[in-house]
Amino acid sequence: MKKILIIMLGVTMLFATSAFVACKVEDSGSHVHTGGVATCNEKAKCDECGEEYGEFNPENHTSTELVYVSNGNGTHKIVHKCCNAVTQAEEVCAGGEATCEEKAKCEKCGGEYGELGEHTGGTPTCNQKAVCSDCGKEYGDFDATNHASEGFIYTANNNGTHNKVHKCCNVVAVENEKCSGGTATCQSKATCKDCGALYGDLGAHNYTKVGKDAESHWKECSVCNTRDENSVTAHSATVWETTENGEIGKCECGETVTTIIESVPANVINLYTIANLGGNDYSIEETYSPVVTVNGVSLTINVSSGDENVAIYEDGKIKAVKAGKAIITVTYTLPSNRGEVTKTFEVNVNRPVITDETAVNYFSAIDGWHEYLTELFGENAITEAKQTYKGEEYALTYADGKLSGMFTESKTSTVCSLTLYTETYGYVLSNVTAYTKVINTAADLEDMRLTADRKTVKGYFIMNADLDYSKIDFNGDKQYTYYDNLYPYFNPSAKAPTDMLTEDVAKSDNTPNKAAGFVGVFDGNGHKIIGYRAGNSYGFFGTISGSALSDLTVIKNVAFTDITAEAGSWTIGRVFAHYATCVSVENVYISFAKGIESWTKNFSLFGAKESVYFRFNKVVIEYPATSASAASAGETACVGFFSTVGTTAYYGRTAPDNQWHGQMRTVYQNLYIVASKATNGRVHALNMSNQIIVYAANDFADFAEAAKASLDGTTLNPVANDSGTIEVFHWKNAYRYDTLAAMAEANSKVGNWKISASGVVWEA
């Protein structure tokens, strides 16, 4: 610490010595200042001691800015802002603008200079000078040619003339102008419209007034009532007036000569074709008795109908014949050369229409008829018909006992109204639920048949009864023998299935034409299709084509029970369709016949190659083994969802190694398989191939436990790949049960199907 203090003391002494040396000390005790710069307003400061010394330097200005100072004589001087030193003693002011009240102000020094400006603006008139627009003072002279007012004063000269004088300044505009206007009468001269003085001569009589007595009429002066003897004329009916109930013939003088009273109604008459409908009474005739009298004497009147097929005039009444419009013509001849009078009016013969709110369910648009229509119309033919749906009207035609042209939705029921007419009456059915087709019999499925000429069937098809194929006889033969008579079917002899699908759109991958096949909804409505025989391999629908994931064709609410098939040349039977795309199967039960030895071992719901975008939800498949050998051969005796043309039926999955499933993109929910395990441990109903095993969710746990014991176990017979991993798959949304009774115990209801050991029952 002592060392630091010594160092600081030494530094201080050094600086003190330096400062003392900077200013030279003279003998008198003072020193000489040096350094610094003097300016116009500051002396130099000594570099050594900092004190000012010497004189100001008027040539060294601290600022370059100049200012302008008015001299008060129209000039200004220019000085330095820092010291007010004058650089220019006089410069003429400029800029600014003088007005009548203020001189111009210099744009540099701001001082006033010059003279005041002249008054401006305003317009002088005959009695007022111009007013300055700036100061508001009058200036200049009057303008005798610009009058302040357009008005005039007229002074009469009492000689038929007057003077026209300007109102504003009393200057005469026109002298001795002739009087005009007014009307002279037989008693008074005309009065000038301007000056009000009488002028000219008396006028002639004004024979505009009519005088009359009982026999004649004449003209009279409207001023002095003088009679014009030359105008006396006998009365005659020359003026006719229409009254509320006829005409009045008057003389030109206003005297009534002839009175015509008419009672000839010409209003529209509305009648009806029948007197009673639905407990309501309707008018089918109306009394019509026209009367015309002339001075109290009746005239002869003729009444006729323009269309006696619609309405006739008979016995003083207009009577309806049939619906339509007729023109009624009434004619009679008036006296006094009035000529023939013709009046017409319409008679509308209407058909009474009853609005019926009775619910008309299951109206089949293709059939174009409903049992309730028979109740309403009987044998009476419908002549006019229309459908109203969501504010749109659709004209319908009726022929051969069928209404054609009805619009129906393809994915929902169509709740609409029907307006139907016969020749004599009509009904508005306000609560009609229509479908494309209502299926009551197997023959009704004819309308879903695909042929060479009909590649597409669109609409909402709904069942209204069970169909038992085991009891159907086609062409005298049982249907299980002749596949070509199945309803519906894809006719393979008419056109190849692939051609039917692709001929309108050339696709290299041979995927289906979305416009082909069945498109829409097939709604079983809780009904069963019993004993369907699928051995033709094309399935119940043949071809199904939805348009997209957002617009799937739907099969729902139906049970296919006791499905059978003839083996024939086809090794795999398709239950629904051979070719399909974009399909939803929901709330569906499927079972195969028990004990039929002649049916194909392999079944699928759909063909595989062209099958894409499927959804299965609330689906039950009951698959009984037909024989011990079939039960033991899991890879050959199986039921899958999809199949190739060969012998393998595939149960779709998400595994990428399956070449067909890449096209399927299928979603599965709430699937139930009723099938026993094969002897090799595989579940043949869920079998995919010889080397890939698919298990239901409730079976997979058992498999996993057993697999831990031995990979070579004969019970499970697993297959190991090169990595030693067993190729086994299971579906979380699929469940397998040995029997229907076992399933009923675990799940007594799937969708709307009540499950029991004896079968299924629909519960809405």
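Taking strands (runs of 3 or more DSSP E) that fall entirely within segment 220-317, which contain at least 3 residues that are over 28 Å from Val341 (Cα atoms)?
On the way: elements: 227-234, 239-243, 246-250, 256-263, 269-272, 285-287, 291-294, 302-305, 311-314.
Hits in segment 220-317: 227-234.
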(request) Return the pairs, sorted by first residue and then second, in which the second residue is assigned to a loop (DSSP other than H, G, I, E, B) and at pLDDT below 80, the first residue lies in segment 447-458 and is within 19 Å of Ser364 (Cα to Cα) and among the charged types (D, E, K, R), the beta carbons are less than 6 Å apart, and the residues are 6+ apart or on different chains. (result) Arg449/Pro488
(message) So for segment 539-547 (the condition being assigned to a loop (DSSP other than H, G, I, E, B), at pLDDT below 80, in contact with a helix residue (DSSP H, G or I) (Cβ under 9 Å, 6 or more places away or on another chain) and surrounded by fewer than 21 Cβ atoms within 10 Å (Cβ to Cβ)), does at least one residue qualify?
(response) no
(message) Ala399 - would you say it is over 25 Å from the mean Cα position of the chain (by Cα), at pLDDT below 95 and among the aliphatic types (A, V, I, L, M)?
(response) yes
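Quick check, is Leu418 in contact with an Asp or Glu (Cβ under 9 Å, 6 or more places away or on another chain) and either surrounded by fewer than 18 Cβ atoms within 10 Å (Cβ to Cβ) or not assigned by TED's automatic domain parsing to the domain that holds Leu467 (or both)? Break it down into steps so the answer makes sense when it comes.
Working: in contact with an Asp or Glu (Cβ under 9 Å, 6 or more places away or on another chain): no; either surrounded by fewer than 18 Cβ atoms within 10 Å (Cβ to Cβ) or not assigned by TED's automatic domain parsing to the domain that holds Leu467 (or both): yes.
So Leu418 fails the test.
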(message) Name the single residue that is nearest to Gly279 (Cα to Cα) among those in segment 346-373 being crowded, with 17+ Cβ neighbours inside 10 Å and over 34 Å from the mean Cα position of the chain (by Cα).
(response) Pro352
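Among the residues of segment 168-207, count how many are over 27 Å from Glu150 (Cβ atoms) and either surrounded by 15 or more Cβ atoms within 10 Å (Cβ to Cβ) or hydroxyl-bearing (Ser, Thr, Tyr) (or both). Step through it out loud before you land on a result.
So the first thing to find is which residues in segment 168-207 are over 27 Å from Glu150 (Cβ atoms), and the list is 183-189, 198, 200-207.
Among the residues that remain, those that are also either surrounded by 15 or more Cβ atoms within 10 Å (Cβ to Cβ) or hydroxyl-bearing (Ser, Thr, Tyr) (or both) are: 183-185, 188-189, 198, 203, 205-207.
Within segment 168-207, residues that are over 27 Å from Glu150 (Cβ atoms) and either surrounded by 15 or more Cβ atoms within 10 Å (Cβ to Cβ) or hydroxyl-bearing (Ser, Thr, Tyr) (or both) number 10.
Out of Glu215, Glu247, I need the residue that is touching a residue at least 12 places away in the same chain (Cβ under 8 Å), surrounded by 14 or more Cβ atoms within 10 Å (Cβ to Cβ) and of a type in the set (Asp, Glu). Which one?
Working: Glu215 fails: surrounded by 14 or more Cβ atoms within 10 Å (Cβ to Cβ).
Of the residues listed, the single one that is touching a residue at least 12 places away in the same chain (Cβ under 8 Å), surrounded by 14 or more Cβ atoms within 10 Å (Cβ to Cβ) and of a type in the set (Asp, Glu) is Glu247.
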(request) Find the residue count for segment 325-344, including only residues that are assigned to a loop (DSSP other than H, G, I, E, B) and either exposed (fewer than 15 other Cβ atoms within 10 Å of the Cβ) or under 49 Å from the mean Cα position of the chain (by Cα) (or both). (result) 2
(request) Return the only residue of Thr441, Thr451, Thr424, Thr433 being modelled with pLDDT of 50 or more, of a type in the set (Val, Ile, Thr) and more than 40 Å from the chain's Cα centre (by Cα). (result) Thr441
(message) Among the residues of segment 315-333, are any in contact with a Leu (Cβ under 7 Å, 6 or more places away or on another chain) and charged (D, E, K, R)?
(response) no
(message) Just to check your reading of the model, which residue among Ile269, Ile261 is within 20 Å of Pro335 (Cβ to Cβ), surrounded by 14 or more Cβ atoms within 10 Å (Cβ to Cβ) and at pLDDT 90 or above?
(response) Ile261
(request) Answer yes or no as to whether Tyr372 is outside the structural domain of Leu277 (by TED's automatic domain parsing) and part of a helix (DSSP H, G or I). (result) yes
(message) Anything in segment 408-443 that is closer than 17 Å to Asp367 by Cα, touching a residue at least 40 places away in the same chain (Cβ under 8 Å) and not in a strand (DSSP E or B)? List them, or say none.
(response) Thr408, Glu409, Ser410, Ser413, Thr436, Ala442, Ala443
(request) Output the qualifying pairs, or none if there are none: Cβ atoms under 8 angstrom, residues six or more apart or on different chains, first residue in segment 50-77 and modelled with pLDDT of 85 or more, second residue among the hydroxyl-bearing types (Ser, Thr, Tyr) and loosely packed, with under 13 Cβ neighbours inside 10 Å. (result) Leu66/Thr87
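The values are calculated or read from the model by the stated rules, or taken from the named source; none is laboratory data. Owing to the predicted nature of the structure, the values given are computational and were not obtained by experimental measurement. No Cβ is skipped: glycine too gets one built from the backbone with ideal geometry, and neighbour counts run over all protein chains shown.
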